[in-house]
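Written below as structure tokens is the structure these notes are about.
The values are calculated or read from the model by the stated rules, or taken from the named source; none is laboratory data. Given the structure is predicted, the values throughout are model-derived calculations rather than measurements. All Cβ positions, glycine included, derive from the backbone under ideal geometry; neighbour counts span all protein chains shown. With ligands, DNA and RNA removed, areas are computed over all heavy atoms of the protein, side chains included. Shrake-Rupley method; radii C 1.70, N 1.55, O 1.52, S 1.80 Å.
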Amino acid sequence: MPREIKKVRIPTAELDPKIRARTFDEVNLGYTDEQAIEEAKRCIQCKNEPCVKGCPVEVPIREFIEFVAAGDIASAVMKNKEKNNLPGICGRVCPQESQCESVCTMSKLGDAINIGKLERFIADWEYKHGKEPSCGIRAPHCDEPKGKKVAVVGAGPAGLTCAGDLARMGYDVTIFEALHKPGGVLSYGIPPFRLPRNVINAEVEYVKSLGVEIKFDMVIGRILTIDELFGQEGFSAVFLGTGAGLPSFLKVPGVNSNGVFSANEYLTRINLMNAKTFPEYDTPIWRGKKVAVIGCGNVAMDSVRSAMRLGAERAMIIYRRSIDEMTARVEEYHHAHEEGVEFHWLTNPTEIVPDEKNFVKAIKLEKMELGEPDDSGRRRPVPIKGSEFEMEVDTVIVALGTSPNPLIPSTTSKLKISKWGTYDVTDKLMTSYPGVFAGGDAVTGAATVIEAMGAGKIAARAINEYIQG
Ligand code: FAD
Ligand code: SF4
């Protein structure tokens, strides 16, 4: 019998904005068992599954949701993991509204199915019940060992996905990670109020349980070159999932003042190096009272919300375009707004003003209006004459995008890169160096977790074809 159409999605609970704006606790509390089942029952089980086509890692969305609707969560977990090694991460940070949920049939009749929160629900259910002998979750199928070694450089979402898929195909996989922790941006960039560390740890442990080894503090290009991975280390193929971690800076006077940070440094100190708990951890952090964050993507939003949590009285986004052009997820914007973040739209920094000891004391700004569309298709911001003004601030955080680190290409002459520093690859993600594949932000420039994971999947298949001839 066809299901009754329920147009409105079941909401999830969230921490009170006034309380959460001062803690790093997770903002969204997810679904209870009953709520998840009710939301799953809204899915009308379309035969053509547009949602699956909207997902870069081809999660069997319709099927896992049907298991949730039937209350069989263990089967939902196993069905999802046929394709996705990192469901708790994707369920929390994927821009579902522009991926699977944007093409969900229900979005034409009312609210799209809350696919992201359902994916998060089944992942959280597994953390809670997965170790109980009676939980019903079976280990995934892995092929017989193939007796071949593959090196993956970088333990971000692209590397973890590629490594997990290759391990399941029977390869002996080692990830070489430059940092002392896995996760890439998930660990050093995205704060725990959006992505708790126990979720990252649990999903990395799952990838390791497939047979993947992770070696930390291994900067490839310095400690070992790509040639050495093939030669003395005996790997048959290499995947580069090295991301785009090199920050861009503002080109205005005063940018070298004390109190000006790249968002990368600011977030890395707080998240990876635990400066938020200083002096318990010995990484110091500048706790600004009047903080201006330049930019309006996810990175800017994470920075401004972190500044708030470190005690800022004014935490502000300065963005030269309007709200319609911001690249941050709508959910992040709403959360930041509820927490008291100020938004200065159509405003552009022209100078950072230091005091006599070279500490930031103000920022000079000008108002903008939108002109004709530029190369990105968005309307170009144009300064309004005579609109300059100054604002008192003690911290400026620059979140204007990143590019790939040039270390590996600079030590590997056979690797061709584009003018943006990204790897040139074929449609199967092979670089100009035979047997070396690349994917994720290292190829696309700063993008999304799920796109990086999708690239990891494509590369795993291509590496298998390459090695099997
Ligand atoms: P990364 O995650 O950057 O991982 C690369 C890894 O390679 C790192 O661990 C790095 O240490 C390692 N590495 C680099 N060079 C070497 C080397 N020479 N040797 C060994 N290891 C090396 N996307 C979303 O979808 N949703 C969001 O909400 C979202 N929020 C974001 C918030 C912030 C603050 C940032 C910075 C990004 C955000 N993104 C978000 C983007 C997303 O995180 C990235 O697109 C994604 O992590 C890219 O994955 P990756 O595996 O390609 O690279
Ligand atoms: Fe269910 Fe939406 Fe996918 Fe249709 S498109 S199967 S309603 S999640």
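Quick test of the membrane-span-like rule: which DSSP H helices of the chain reach at least 24 Å along their long axis (C-alpha atoms) with mean Kyte hydropathy at least 0.0? Write down the numbers at each step before the final one.
On the way: long enough: 449-468 (29 Å, 0.43).
Qualifying helices, which must be both long enough and hydrophobic enough, are 449-468.
Just so you know, the Rg over Rh for the stretch 179-253 is 1.06, from Cα atoms, with Rh as the Kirkwood radius.
If the chain linking Arg378 and Asn198 were pulled fully straight, counting 0.36 nm for each residue of separation and taking away their Cα-Cα distance, it would gain 61.0 nm. Between the C-alpha center of the stretch 324-403 and that of the stretch 52-66 there is a gap of 38 Å. Under 15 Å from a label point set 7 Å out along the Cα-to-Cβ vector of Glu388, the amide N atoms of the stretch 338-352 belong to 348-352. Partner aspartates and glutamates whose Cα lies under 13 Å from the Cα of Lys361, excluding those fewer than 8 positions away in the same chain, are identified as Glu351, Glu390, Glu392, Asp394.
Counting only DSSP beta bridges whose two residues both lie in the chain, roughly 40 percent are antiparallel. Solvent-accessible surface of the stretch 13-129, taken per residue with a 1.4 Å probe and all protein chains present: 40 Å².
Can you run the Rg to Rh ratio on the chain? Use alpha carbon positions and the Kirkwood inverse-distance Rh. Before the final figure, lay out each step's value.
Working: Rg = 23.0 Å, Rh = 23.5 Å.
My calculation of the ratio gives 0.98.
Taking a point 7 Å out from the Cα of His334 in the direction of its Cβ, the residues of the stretch 182-211 whose backbone N falls within less than 19 Å of it are 193-195. Note on Lys181: accessible area approximately 80 square angstrom, rounded to 10, probe 1.4 Å, nucleic acids and ligands left out.
Leaving ligands, DNA and RNA out of it, report the carbon-plus-sulfur percent of the accessible area of the chain at a 1.4 Å probe. Please list the in-between numbers first.
Values: 11050 of 20960 Å².
Roughly 53 percent, rounded to a whole number.
For Leu407 and Glu280, a Förster radius of 35 Å and the Cβ-Cβ distance give a FRET efficiency of 0.60, rounded to the nearest 0.05.
Measuring nothing but alpha carbons in the stretch 13-129 and taking Rh as the Kirkwood radius, the Rg to Rh ratio lands at 0.97. In the full protein context, the stretch 249-400 carries 47 Å² of accessible surface per residue, based on a 1.4 Å probe and ignoring ligands, DNA and RNA.
Pulled fully out, how much extra length does the chain show between Asp72 and Lys414, if you take 0.36 nm times their separation in residues and subtract their Cα-Cα distance? Show your work: numbers first, answer last.
On the way: separation 342, 0.36 × 342 = 123.12 nm, distance 5.09 nm.
Using 0.36 nm per residue and subtracting the Cα-Cα distance, I get 118.0 nm.
Can you give me the Kirkwood hydrodynamic radius for the stretch 249-400, using every pair of distinct Cα atoms, in Å to one decimal?
Values: mean 1/r = 0.0635 Å⁻¹.
Kirkwood hydrodynamic radius for the stretch 249-400: 15.8 Å.
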